[in-house]
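K.L.:
Got a structure for you, questions after.
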Amino acid sequence: MKLLKQLCEIHAPAGSEYKMTDFLLDYIKNNQRSWKNQPEIISGDNFQDCIVLVFGKPTTAIFAHMDSVGYTVGYKNNLIKIGGPSAKKGAKLVGEDSKGKVDCTLLAEEDEHQFLTFTADFDREIDRGTTLTFKPDFREDDDFVQCSYMDDRLGMWNAIKVAESLENGVVSFSTWEEHGGGSVGYLAKYLYEQLNVKQALISDITWVTEGIQHNKGVAISMRDSGIPRRTYLNRIIDLAKESKIPFQLEVESAGGSDGNSLQRSPYPFDWCFIGAPEDNVHTPDEKVHKNDIKAMVDIYQYLMKHL
Amino acid sequence: MKLLKQLCEIHAPAGSEYKMTDFLLDYIKNNQRSWKNQPEIISGDNFQDCIVLVFGKPTTAIFAHMDSVGYTVGYKNNLIKIGGPSAKKGAKLVGEDSKGKVDCTLLAEEDEHQFLTFTADFDREIDRGTTLTFKPDFREDDDFVQCSYMDDRLGMWNAIKVAESLENGVVSFSTWEEHGGGSVGYLAKYLYEQLNVKQALISDITWVTEGIQHNKGVAISMRDSGIPRRTYLNRIIDLAKESKIPFQLEVESAGGSDGNSLQRSPYPFDWCFIGAPEDNVHTPDEKVHKNDIKAMVDIYQYLMKHL
Amino acid sequence: MKLLKQLCEIHAPAGSEYKMTDFLLDYIKNNQRSWKNQPEIISGDNFQDCIVLVFGKPTTAIFAHMDSVGYTVGYKNNLIKIGGPSAKKGAKLVGEDSKGKVDCTLLAEEDEHQFLTFTADFDREIDRGTTLTFKPDFREDDDFVQCSYMDDRLGMWNAIKVAESLENGVVSFSTWEEHGGGSVGYLAKYLYEQLNVKQALISDITWVTEGIQHNKGVAISMRDSGIPRRTYLNRIIDLAKESKIPFQLEVESAGGSDGNSLQRSPYPFDWCFIGAPEDNVHTPDEKVHKNDIKAMVDIYQYLMKHL
């Protein structure tokens, strides 16, 4: 879990993924020799801050997003949301501006229309446009791991674990997922036009709800705000049953993922969201059960072989 | 109207269009010999559940969507909307899960926030992710046809009627229209890049409103939530006047169609929504006047020749 | 400012940009001989009502939108918004229908749900689908210019001023920006695939707010509803500092531009919104300080050279 802890600690809110890109490229270069197969690494100029790893003769691509929710500092330390952070007042936020490190506290107040407004409590005015993220506090016991940004550093971690033994397939690290998307369109274009890949698995973290619980297995989402193509979904569920790996079927009305971006792209992609569930979504305390993490890695390994 | 009745009875909510695809491919194979011209039939692998018929040297494409609104079964027979169904409690819903046919009744209750929540009233728990659609009840008299899913089985029916005598043009059957789209992007890509087609007519069903009434002709929509390019719209209205076919000009603030998806695609498509109006939109009782249906077929035949 | 006045007076709400296209093509043909370099002019068939000017060996494209907000006439002189006009009752509106010129007044009334509904006060029923825009009233003094549609006729004007001396770069005039977009996707496709251009500057007008004031320089937007890629933004801010041209850093939670459309396109475009701020957004009285206009032209000239 050392790698997961490192990933959780990197400041990379949507739009500012570059530190994560640097870390990940370094990590891959330093570790890929121990992987079963060597991928082609695609990044740089035409891929903005994204990274694509191509193994063998791929038919399916894993998507994991590198960005997190957070805040942009506006005028007079006013805070504007990046994506949908749900922290309560008192949460610790960190960032950096021209005057140095910022380590501050979230204030929340109702304005005259009863809307919550957010401010950074800090001893000086922070530069306009500075990005702040939750101060990492990684916790681990026998059953759970807990930290800000399990969503989606754990999805990235899963993708890297799968990459270690992958023979054929693509692993894509995307950007801007938490704030409306913006990279999946050109990733889909590349995968479809250059590699004829049009099947995707969305390696992301979902919610503990009435129907999805800790330690009941990885969640296979049958729908959220987006609806995947049923014939693809059925193939995945059949394979999941065959695999004997513990899984739960999720059916939600809300929420979305890089799957929605794939669906809106002008390429005929099938997609399905598969991920461990977490408590305390988009707060500093996202919490996931270790058995569900194991099931997540297992099912991805199985599906990347058989799909 | 036998074909229309058959189309209305097929279970194919957004995302689960595959039964409609199978029916339509069969229908085309069994009937195309009686058509004036034989189209190239494009479907399969790179088109998901869509079907494209290419006749002669096309300049204009008809789009009709195969999917309908409906419900996904969540946890404990809770229902989640697919698209925007508007049925009242007591509506009959049908589907099928691992234990067999489902024939149930829609319950609607206000939750603590006064939001309506929907449940399937059935004698057992239905499998998670099962899709339900309105139980078909096709009614016909001298003036009207009425059933669930005139939107857009009647639009499909119109497209097939036009196909019977079409010389040059494309007929496209799309998916996911009722739930945010997802196929029109790649259909547009194919039409534009492979066939240089960039004019579209949206064969869909609209609403009876203050300005649009039964038996006053097919509606040509000047706008809804989307705004078509005015010069294209003007050409269509001029041709409609020239044709002497009864039509009504529609101007709405809301609603959308595959036209919006064409507009958002990265291809320079012109589009215009043209369709008969219906009462009781997105309920089991969608009702359309036969004279408006006739005008719809007539104007499509005319426009596909002259546009 | 004669050209700016002319641009402000052209009726070209979203979807009906064709008069602006004609004017601009004429203007370019009549004036380009006095420009430092001659662009390739791309327009017509595959570009709908858009115009693209390509100078030399471009790396960066300016986007300015030709359309404005306005109203579509519905049934019985009811008005439906095109984009988000914010005029108060009594505003003067103009257009033209089959019976001649329309010069009318905006009425606003609350309906039974306390929603504002809008009507055109005129002595006859206006044709369905007629488009209305604010009656132009161009005002100028030593410090300010004021008229409807500074957004984005001033952005166009800036793009034309920059074109006069541009060596390498693209100037794009887009459509539908005020109403959900629809042209930027295929413009991005052309720029990326044909010219390998993937950097954009959005030449548009922003808002005077708590943090952005008249006569404090051109605004460089660090974010609005969309978040540009940080590494691109940082390069621009560094160049702006180096240039010594007066600028203000803007951080907003709402609003959007052609930048959002570029981000959602399946091409890896970097974008940044840079423009003078105005008072009275989307009303007949949009007001901009002349020093901010000068700074806008200066910074575009500088960035198009150094970016």
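K.L.:
Per-residue accessible area for C:S43 at 1.4 Å probe radius, Å² rounded to 10?
P.N.:
Solvent-accessible area, nearest 10 Å²: 50 Å².
K.L.:
Distance in nm between label sites at B:A254 and A:E164, each 7 Å beyond Cα in the beta-carbon direction?
P.N.:
Inter-label distance under the simple model: 5.3 nm.
K.L.:
For segment B:178-307, what is the relative contact order in percent, using Cα pairs closer than 8 Å and at least 6 residues apart in sequence? Let's see the in-between values first.
P.N.:
Values: 214 pairs, mean separation 47.1, N = 130.
The value is 36 percent.
K.L.:
A further question on this structure: Scan segment B:176-265 for GluC sites (Glu not before Pro) in coil per DSSP, keeping those whose Cβ has at most 10 other Cβ atoms within 10 Å, and list them by number.
P.N.:
Details: sites: B:E177, B:E178, B:E193, B:E210, B:E242, B:E250, B:E252; in loops: B:E210, B:E252.
Counting only loop positions with at most 10 other Cβ atoms within 10 Å, the GluC sites (Glu not before Pro) in segment B:176-265 are B:E210.
K.L.:
In percent, how large is the relative contact order of segment C:57-96, given Cα pairs closer than 8 Å and 6 or more residues apart?
P.N.:
Details: 23 pairs, mean separation 11.1, N = 40.
28 percent.
K.L.:
In debye, nearest 20: dipole of the protein assembly as shown around its Cα centre with unit charges on the Cβ of K, R (+) and D, E (-)? Display every interim value, and only then the final one.
P.N.:
On the way: 102 positive and 138 negative charges, 507 e Å.
In debye, rounded to 20, the protein assembly as shown gives about 2440.
K.L.:
Aspartates and glutamates within cross-link reach of C:K161: Cα-Cα under 18 Å, excluding same-chain residues under 8 positions apart?
P.N.:
Within the straight-line cut-off, C:K161 pairs with C:D26, C:E40, C:D151, C:D152, C:D204, C:D292, C:D298.
K.L.:
Which parts of segment C:263-282 would a label at C:L116 reach, counting a residue when its backbone N lies under 20 Å from a point 7 Å out along Cα-to-Cβ?
P.N.:
Label zone hits: C:278-282.
K.L.:
If you restrict to DSSP beta bridges whose two residues both lie in the protein assembly as shown, what percentage is antiparallel, to the nearest 5? Walk me through the numbers before you get to the answer.
P.N.:
Details: 123 of 189 bridges.
The antiparallel fraction comes to roughly 65 percent.
K.L.:
Quick check on the protein assembly as shown: helices-only [θ] at 222 nm, where DSSP H runs of length 4 and up contribute -39,500 (n - 2.57) each and the sum goes over total residues. Nearest 500, please.
P.N.:
Values: 21 runs with 255 residues, N = 921.
The helix-only estimate for the protein assembly as shown comes to -8500 deg cm²/dmol at 222 nm.
K.L.:
A:S165 label points, 7 Å along Cα→Cβ, one per copy: pairwise distances from this copy to the rest in nm, shortest first?
P.N.:
6.5, 6.5
K.L.:
Using modelled amide H (1.01 Å from N, peptide plane; none on Pro or chain starts), what sits under 5 Å from the amide H of C:H65, excluding residues fewer than 5 places away?
P.N.:
Excluding prolines and chain starts, which carry no amide H, the hits are C:S174.
K.L.:
Continuing with the same structure: Too long at a 32 Å Cα-Cα cut-off: which of A:K92/A:K189; A:K287/B:K81; C:K101/C:K216?
P.N.:
On the way: A:K92/A:K189 39 Å; A:K287/B:K81 30 Å; C:K101/C:K216 41 Å.
Distance filter (> 32 Å) returns A:K92/A:K189; C:K101/C:K216.
K.L.:
For segment C:72-229, restrict the atom set to alpha-carbon positions and state the Rg and Dmax in Å.
P.N.:
Every Cα atom of segment C:72-229 included, Rg and Dmax give 19.3, 58 Å.
K.L.:
If you fit an axis through the alpha-carbon atoms of helix C:184-195 and take the longest principal axis of the Cα set of chain C, what angle between them do you get, 0 to 90°, nearest 10?
P.N.:
Between helix and principal axis, roughly 20 degrees.
K.L.:
Treating the beta-carbon of each Lys and Arg as +1 and of each Asp and Glu as -1, no other charges, what is the dipole magnitude of chain C about its Cα centre, to the nearest 20 debye? Provide the component values of the computation, followed by the final result.
P.N.:
Working: 34 positive and 46 negative charges, 203 e Å.
Dipole of chain C, to the nearest 20 debye: 980 debye.
K.L.:
So what's the gap between the Cα centers of segment B:104-122 and segment C:121-165, to the nearest angstrom?
P.N.:
Between the Cα centre of segment B:104-122 and that of segment C:121-165, the gap is 50 Å.
K.L.:
Rg and Dmax in Å for chain C, alpha carbons only: what are they?
P.N.:
19.1, 60
K.L.:
Need one value: the accessible area of A:K36 in square angstrom, 1.4 angstrom probe, rounded to the nearest 10.
P.N.:
Accessible surface of A:K36 is approximately 130 Å².
K.L.:
Here's something else I'd like to know. Hey, what do the phi angles of segment C:10-24 turn into as Karplus ³J(HN,Hα) couplings, whole Hz, using 6.51/-1.76/1.60 and θ = phi - 60°, x for Gly and Pro?
P.N.:
Each residue of segment C:10-24 in turn: 7, 7, 8, x, 3, x, 10, 7, 4, 5, 5, 4, 4, 4, 5 Hz.
K.L.:
Enter the mean number of other protein chain beta carbons within 10 Å of the beta carbon of each residue in B:221-228, as an integer.
P.N.:
On the way: counts 1, 10, 9, 1, 2, 5, 15, 2.
Shielding by partners across B:221-228 averages 6.
K.L.:
Label points 7 Å out from Cα along the Cβ direction at A:K29 and A:S98: separation in nm?
P.N.:
3.1 nm
K.L.:
Could you identify which residue out of A:A91, A:A188, A:A61 has the top mean-square fluctuation in a GNM of chain A using Cα springs shorter than 10 Å?
P.N.:
Residue with maximal mean-square fluctuation among A:A91, A:A188, A:A61: A:A91.
K.L.:
Can you list the residues, at least 5 places off or on another chain, whose amide H is less than 5 Å from the amide H of C:G15, using H built in the peptide plane?
P.N.:
Close amide H contacts, sequence-distant or interchain: C:W176.
K.L.:
If you don't mind, another one. Go ahead and run the numbers for FRET between A:N280 and C:D279, Cβ-Cβ distance against an R0 of 41 Å, rounding to 0.05.
P.N.:
Working: r = 44 Å, r/R0 = 1.06.
Once rounded, the FRET efficiency stands at 0.40.
K.L.:
For segment C:1-69 and segment B:187-244, what is the centre-to-centre distance using only Cα atoms, to the nearest Å?
P.N.:
The distance from the Cα centre of segment C:1-69 to that of segment B:187-244 comes to 28 Å.
K.L.:
Rounded to whole Hz and in sequence order, give me ³J(HN,Hα) for segment C:199-213 from the Karplus expression 6.51 cos²θ - 1.76 cosθ + 1.60, θ = phi - 60°, writing x for Gly and Pro.
P.N.:
10, 9, 10, 9, 8, 9, 10, 10, 9, 6, 9, 3, x, 10, 10
K.L.:
Per q in 0.12 Å⁻¹, report the Debye log10 I(q)/I(0) for segment C:1-160, using one uniform scatterer on each alpha carbon and no solvent.
P.N.:
-0.61
K.L.:
Taking the Cα centre as origin and putting +1 on Lys and Arg beta-carbons and -1 on Asp and Glu beta-carbons, what dipole magnitude results for segment B:32-119, to the nearest 20 debye? Intermediate results must be reported in sequence, preceding the final value.
P.N.:
Numbers: 10 positive and 11 negative charges, 96 e Å.
With only Lys, Arg, Asp and Glu charged at Cβ, the dipole is about 460 debye.
K.L.:
Pairs of Cα atoms under 8 Å, at least six residues apart: use those to get the relative contact order of chain A, whole percent.
P.N.:
Values: 696 pairs, mean separation 68.9, N = 307.
Relative contact order here is 22 percent.
K.L.:
Using +1 at the C-beta of Lys and Arg and -1 at the C-beta of Asp and Glu, which of C:P268, C:V184, C:T206 has the Cα lying farthest in the positive direction of the dipole of segment C:183-301?
P.N.:
So the residue we want is C:P268.
K.L.:
Another question, then. For A:L239 and A:E125 in the same chain, what is the full-extension length gain: residue separation times 0.36 nm, less their Cα-Cα distance, in nm?
P.N.:
35.6 nm
K.L.:
So, with a 1.4 angstrom probe, what is the percent of accessible area on chain C that is carbon and sulfur? Each step should come with its number before you reach the end.
P.N.:
Details: 5230 of 11550 Å².
Roughly 45 percent, rounded to a whole number.
K.L.:
Quick one: Karplus J couplings for segment C:51-59, per residue in order, coefficients 6.51, -1.76, 1.60, θ = phi - 60°, nearest Hz, x for Gly and Pro?
P.N.:
Karplus-based 3J(HN,Hα) across segment C:51-59 equals 9, 10, 10, 10, 10, x, 10, x, 10 Hz.
K.L.:
Further question: Non-local amide H neighbours of B:E278 (under 5 Å, H modeled in plane, Pro and chain starts lacking H): which ones?
P.N.:
Amide H neighbours of B:E278, under 5 Å, 5+ apart: B:T206, B:W207, B:V208.
The values are calculated or read from the model by the stated rules, or taken from the named source; none is laboratory data. Quantities reported herein were computed from a predicted structural model and do not represent experimental measurements. Neighbour counts are summed over all protein chains in view; Cβ atoms, including those assigned to glycine, are modelled from backbone coordinates with ideal geometry. With ligands, DNA and RNA removed, areas are computed over all heavy atoms of the protein, side chains included. Shrake-Rupley method; radii C 1.70, N 1.55, O 1.52, S 1.80 Å.
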